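Notes to accompany the following structure.
Computed from the coordinates by the stated procedures, all read-outs in this text should not be read as laboratory data. For clarity, every value in this text was computed on a predicted model and none was experimentally measured. Note: ideal-geometry Cβ built from the backbone for every residue, glycine included; neighbour counts use all protein chains shown.
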Amino acid sequence: MHFLKYCICTLAMLSGTVSMAQKDYAVASIPKELLSRASAVLREEQCDIEMRAADEVVTRYHKAVTILNSAGDAYASIYLHYNGGQSINGIKGEILDASGHSIQKITSKNFTDESAVNNYSLYEDSRVKYFTPSVTAYPYTILYDYERKSRQSLLIPDWEPNPRHNMAVQSSRYSFTFPLNTELLISAQNCPTARQESTGKNTKTYTWEIQNLKAERDESLSPPEDARSVKVKIRPVDFYFYKQKGTYRNWNDLGKWMFNNLVKPRQTPTASMISTVRQLSSENPNKQQLVRALYQYMQHKTRYISVQIGIGGFQPMPASDVDRLGYGDCKALVSYMQTLLDIAQIPSYYCVVEAGNTKQNMDAAYASMDQGNHIILAIPLEKDTMWLECTNPYIPAGFLGDFTDDRLTWASNADTSFLLRTPAYPSSDNKQSRTGNYTIDKEGNVSGDTKITYSGTDYDEHLYLTGIAESEQVKKIAGDFAIDIRVQKIRLQRFDTSDRPSLAETMNILLPKYSAPNGKYLYLQPNIFSLVSVPPDVPNRRLPLYLNRGYVREDSASFAIPDNYTAEQLPKAIHYRTAYGQYDCSYAMSGQQLRYYRRFVRNAGIFPPEAYAEYVQFMSRVADNDKNKIIFMEK
Amino acid sequence: MLSAHVQAQDFEFGQLATDDQLAHKNQVDSVSNAIVLNEYGRAEFYLDDQRGQLNIQYYHHVRIKVFNKDGSRAANIQLPAYKGENSSDFISDIKGMTINFQNGNRMETPLERKNIYEENYSKYLTLTKFTLPNIQDGSIIEYSYRVLIPRIFNFHTWEFQDRIPKVHSQFEAIIPGAYNYNVSLRGPYKITDVKSSLVKEGFSLGGWRMDCSDMLYTMNNVPAFVEEDYMTAPSNFLSAIYFELSDVYTREGAHRGYTQKWKDVDDLLLSDKNFGGQLKRKDAFKDILPAILAGKSEERSKAAAIYEYVRKQIKWNDHSGMYSTGNIEDALKKHSGNDADINLALVAGLSAAGIKSHAVILSTRNNGIPNKLFPVISDFNYVVALAEIEGKQYWLDATEPLMAFGQLPMRCLNDSGRVMEPKKTSYWAAIDPRQKRATHYYLSGELLPSGTLKGEMKISNAGYAAFAKRSEIASFASPEEYVETLMGRLPRTRMIHYSITGMDSTDEDLVETYEVEIPLFDSLHFSRLYFNPFMVGKITKNPFSLSERNYPVDFGMPHEEAITIQVNMPKEFALDSKPQDIRMVLPDRNAGFRSTFKLEDGTLQGSYNMFFNQAIYSPDDYLNLKELYNRVIQLEKTDVIFKKS
């Protein structure tokens, strides 16, 4: 990621406990089947949440985890994140040996309290208490308890007791206690047993439980969300949050509350903003043109700085501050842009999105405040919706890139709120096409001119090059390849006029000793730049194959070889067609010129687990052909 | 604050020089998204009358031009303030401004007080953070601040060089006559100009008015510092000026040496309860020693048993320091400690067993190289043990559970350590890892008529390579899963059987043996066969890419990589071509590369060896090393070509 665009501060979720029951934590009592592939076993986890009132939620958390070997050490560390709206109390714990006997007591004094602010953030309300046990004899067990008090009920810890890479789950329990007259929104997914209900004097408790889940293997190229994972989410309909009250049953309710209480009050325009918009409006009578002009103005004027101030990190900086200071985080920049559009009477939506290369949707069936980590802006135009990413100073209006493409966002304005999907980039859009004319000298040095055009998500990934010094461009480009490249001259050109912007990079390059003379032979791998990496074999694949985004790579190159060599034999042309993509490559010799052509299309999609092996086979055939060498012989 | 009798060398805040606006990005070097146009720093003594405490009053003022969006990072400022037990650094008078030019009109945007944030980073550190407003391409930003620092020993370090280039950097040091500092300049660049003058009665201490020396150091056109692989702490090489308090005179003319003799430092350390005090705690081992040494008669095996005991008992808490955090009995009981807890316990244990050993203080690689001219105790941040066993010296550090006896972690491989031998003056000892990082690949087998290569691939990892491999394997839940992942990366290779030895005994080489079948060819019905023998451990990219390098190449330890191949070929194949035989050595023969291949009695025999006998190479060797890698990479592209006879 070339931009730090994350912004909504994710509140630490898991929390709280019961009194430490003297249980049998001997390693011998772990069911045998849980030891397979496990470096750690979650022996017991218990998260008991008690909502006493909308402004008082207490979470008691208890956890016991056995670390079987050093690879599991990471699961022994305790990190308790908190902020100004919470307090953590009653931290206590114990470390046990393999037979379950206590070897060390842990108290809050053993914890280090530190700032948890990202090092790129100017301000965040975020701290962490942490403890890392030092045990040299495996296996050992660490158990601990703590209590977290929170003065809000908008964000409630979810339950996700799923086994992780190298960690099995022996037992996990989650309960939610609430006053009798409370209305709740509950989502329970894949729970093996129904919830248990119990009623107290004035309260009711719901409990979920799960036992004996085996550790799972990390499988590459699997879907971002495992459809089988167990998950419970609970929120009260009437909530309290940083001195504000609210009620919601769906995205529309929550969005209107958020927008009108947190965002709208920060959008008062200043006189200078009004006059800027007036001037740009008079210069751009066309609505779409005006949006572009305003967007460019905003990009030029501002830069992304993370400042997570106000209402749990959910409230943007005032638009007037952004206007004066020229910086803000994603919320602030979107809110500022929206204010400019409001002045021009162009309606738009403030959209919460889970950003990142992995496409994650907002949960259409369950509204909650803690989904999403980024904000973008959507503008409904006559024909379609124009999307604005406000933290990137380089991209043209309407371009999102692979940070937020093809996923459900939560769009809001003062009147309405709903889920809205961002556009996808079809495989054919994400393209790099390269041409090159090279000369090989007698020492094997290869030099020449090459031109590459990037579009779609590839455009986005390379656009940052236009914002750095030429000497840095040269280093970054050379750093992208696993061979030695000296870029001697470089020119970058943007073509942003159409809906499909592209970037052209023209370079004069030298590849020192790229080709290898050896005895009477000269070796050359004509595919210089486009090498695929082969995913690892995963025998007994469990999860589906997920190919996130498709792309096209097209290369044509010609090489002038030294006069005293001739090609004895050229590799055969290849044409592969599969469900996962296609690959063509060919070689031709005319005089002292070798011509090479390669086209690789990688499709996107979700395929059954059995497809994985086929995909690996396809990719390894591509990789093999990519590394084909031409061996020239002395005449 | 100080009275105004010091001539102000500072440049006027916000008053741009004509050159400032014209500054362009290639002014000093070619690497620049932003450039420091002018920078002035001043450090002077300040007496806190109420506390009777001497402080350094530091003032810093910078003007930077930002050329593009990437360069705007220079506008994000973080000022650290260290918190002490009695007094802390105090930052004040932060002033900042951005100057933009719009249609030739100058526009100023000031830094607002309320946009300066203080972050309580940890028990020891507060960060003051701010960013300058309204940054455009071509903005000129300027800021200044003061820090009051309650420590005078290092006066104030000044870095002339930074990650962005500087046009003009100036530092003024105003030092009262009674305080003598050793001043040293590091880095490749020369000071452009030094001016010295005297400030009459410039500092007053309890009514004693003393003259001050006023030194003004200037460096112009300082290129950006560029980091590359295989370097130690940037502070060793950055152009900067350092101060160490050497002596102080009293009003009566008495003199107190701060830069002590090593002998005094030795006495101090050896009597410190968190250093020498722990070395004497042999009692901690009294009861357990018989059990540890049971059945051991040789000194080497006794030492190894104690080493093993200490590292099993105390887990390193990732903290470095020269002093123990408590006493070693506690550390042994709590199973946790810093390097000093662990290695002072080790020395105590070895001594209890009658094995001659001493504590050695050193500075870790990222902490810089310690000053050799005079003792600077603050330069050291780590302690290890040096034992003499059966006439041989062993460097020992029990912080790493997977390290071999006698091996020091990479972080310790930094020039020299000071051996603290009781009743003797301490002495320098070059930290010599003795062990290499050596990997040897063996491939032996037979090319079957089907085109499959059937045979054995053995990877022998010695010294530091064994440590690295052991650590890698230990990061998996089991060796099976390591092998599974390894094979996942070699999709066409079928593994029949594997074995890994040396995982548990850290003194042995870590040897992986894989019985494999690799389908190299679809069949052997070709008139020519092209076989690339560099199947594993191939280097594709030269780690060195600069056209020159001003600092040494520091690999940490000598290293070598070798390949030995023996493959029986079907009879009908004869050799047509092979990778050239190469013997290439650096002028002093301390690094090189050899490679030979031949077909003898139907067996392809190959050997390849790249070696670096030194841990450190001087900048003069840089281009030779770079060329060596180029040749290796080029050779690895060539094949053994067989033809049917």
Rounded to whole Hz and in sequence order, give me ³J(HN,Hα) for region B:327-333 from the Karplus expression 6.51 cos²θ - 1.76 cosθ + 1.60, θ = phi - 60°, writing x for Gly and Pro. 9, 5, 4, 4, 4, 5, 7
Estimated D of region A:451-607 in µm² per second, where Rh is the Kirkwood radius over Cα pairs and Stokes-Einstein applies at 10 °C, 1.306 mPa s: 86 µm²/s
Of the residues A:TYR146, A:VAL58, B:SER297, the Cα lying farthest along the dipole of the protein assembly as shown towards its positive end, which is defined by charges on the beta carbon of Lys, Arg, Asp and Glu, belongs to A:VAL58
What FRET efficiency comes out for B:LEU546 versus A:GLU183 if R0 is 60 angstrom and r is the Cβ-Cβ distance? Round to the nearest 0.05. 0.35
Semi-axis lengths, Å, region A:303-393, gyration tensor of Cα atoms, sqrt of 5 times eigenvalues: 21, 19, 12
Going by alpha carbons, how many degrees (0 to 90, nearest 10) lie between the helix axis of A:611-626 and the longest principal axis of chain A? 30 degrees
Ignoring solvent entirely, what values of log10 I(q)/I(0) come out of the Debye formula for region B:34-118 at 0.23 Å⁻¹ when each Cα is a single scatterer? -1.34
Going through A:LYS129/B:LYS302; A:LYS627/B:LYS25; B:LYS166/B:LYS436; A:LYS243/A:LYS331; A:LYS442/A:LYS475; A:LYS331/B:LYS166 one by one, the pairs whose alpha carbons sit over 30 Å apart turn out to be A:LYS129/B:LYS302; A:LYS627/B:LYS25; B:LYS166/B:LYS436; A:LYS331/B:LYS166
Please figure out what share of the DSSP beta bridges in the protein assembly as shown is antiparallel and state it in percent, rounded to the nearest 5. 90 percent
Would you mind pulling out the separation of the Cα centroids of region B:365-418 and region B:214-279, in Å? 19 Å
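When N is the residue count of region A:212-291, what does its C-alpha Rg come to as a fraction of 2.2 N^0.38 Å?
For region A:212-291, the normalised Cα radius of gyration is 1.98.
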Using only the C-alpha atoms of chain B, find the volume of their convex hull and express it per residue in Å³. 217 Å³
What Rg and what Dmax come out for region A:31-78 when only alpha-carbon atoms are used, in angstroms? 15.2, 45
Take every residue in peptide B:34-45, count the Cβ atoms of other chains within 10 Å of its Cβ, and give the average of those counts. 0
Surrounding net charge for B:GLY502, when Lys and Arg each add one and Asp and Glu each subtract one, Cβ distance under 14 Å: -3
Relative contact order as a percentage, region A:129-278, C-alpha pairs under 8 Å and 6+ apart, gives 28 percent
Would you mind giving the three semi-axes, in whole Å and largest first, of the ellipsoid equivalent to the protein assembly as shown according to its Cα gyration tensor? 46, 45, 40
For region A:74-132, what log10 I(q)/I(0) values come out of the Debye formula at q = 0.27 1/Å, with one point per alpha carbon and no solvent? -1.17
Bin all alpha-carbon pair distances of region A:339-496 at 10 Å intervals from 0 and give each bin's fraction as a whole percent. 9, 31, 27, 17, 10, 4, 1, 0
Size of region A:153-244 as Cα extents on the principal axes (Å, biggest first): 46, 29, 18
Can you give me the distance in nm between label points at A:ALA579 and B:PHE90, each placed 7 Å from the Cα along the Cα-to-Cβ direction? 7.3 nm
Across peptide A:624-630, what mean number of C-beta atoms from other chains lies inside 10 Å of a residue's C-beta? 1
MRE, 222 nm, helices only [DSSP H, n ≥ 4, -39500 (n - 2.57), over the protein assembly as shown, to nearest 500]: -4500 deg cm²/dmol
Estimated D of region B:85-137 in µm² per second, where Rh is the Kirkwood radius over Cα pairs and Stokes-Einstein applies at 37 °C, 0.692 mPa s: 244 µm²/s
Counting alpha carbon pairs within less than 8 Å and at least 6 residues apart, what relative contact order, in whole percent, applies to chain B? 8 percent
Considering amide H positions built from the backbone, and no H for Pro or chain starts, which residues 5 or more places from A:LEU185, or on another chain, come under 5 Å of its amide H? A:ARG235, A:VAL237
Determine how many Å³ per residue the convex hull of the Cα atoms of chain A encloses. 188 Å³
Summarise the partner chain shielding of A:458-470 as one whole number: the mean count of Cβ atoms from other chains within 10 Å of each residue's Cβ. 3
Taking a cut-off of 15 Å between Cα atoms, list the aspartates and glutamates near B:LYS454, but don't count ones fewer than 8 places away on the same chain. B:GLU446, B:GLU515, B:GLU517, B:ASP522
Summing +1 per Lys or Arg and -1 per Asp or Glu among the other residues with Cβ less than 13 Å from A:TYR248's Cβ gives +1
Scaled by the rule-of-thumb 2.2 N^0.38 Å, the alpha carbon Rg for region B:143-199 gives a ratio of 1.31
What Rg and what Dmax come out for region B:293-442 when only alpha-carbon atoms are used, in angstroms? 15.1, 51
As an exercise, take the mean of 1/r over every pair of distinct alpha carbons in region B:503-644, invert it, and state the Kirkwood radius in angstroms. 17.5 Å
What lysines could a cross-link reach from B:LYS423, if we take a straight Cα to Cα line under 21 Å and drop same-chain neighbours fewer than 8 places away? B:LYS261, B:LYS263, B:LYS273, B:LYS280, B:LYS282, B:LYS356
Taking every pair of Cα atoms in region A:395-439, average 1/r, invert it to obtain the Kirkwood radius, and report Rg/Rh to two decimals. 1.26
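In what sequence, highest mean first, do A:558-564, A:372-378, B:343-349 appear when ranked by Cβ atoms within 10 angstrom?
B:343-349, A:372-378, A:558-564
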Ranked from highest to lowest mean number of other Cβ atoms within 10 Å per residue, what is the order of the peptides A:259-270, B:94-105? A:259-270, B:94-105
Crossing angle, helix A:287-301 versus chain A [Cα axis fit, 0-90 degrees, rounded to tens]: 80 degrees
Region A:415-506 - convex hull of alpha carbons, volume per residue in Å³: 153 Å³
Nearest 10, in degrees from 0 to 90: the angle of helix B:299-313 to the longest Cα principal axis of chain B is 60 degrees
Peptides A:27-38, A:212-223: what's the order by average Cβ count within 10 Å, highest mean first? A:212-223, A:27-38
Kirkwood Rh and Cα Rg combined as Rg over Rh, evaluated for region B:50-183: 1.02
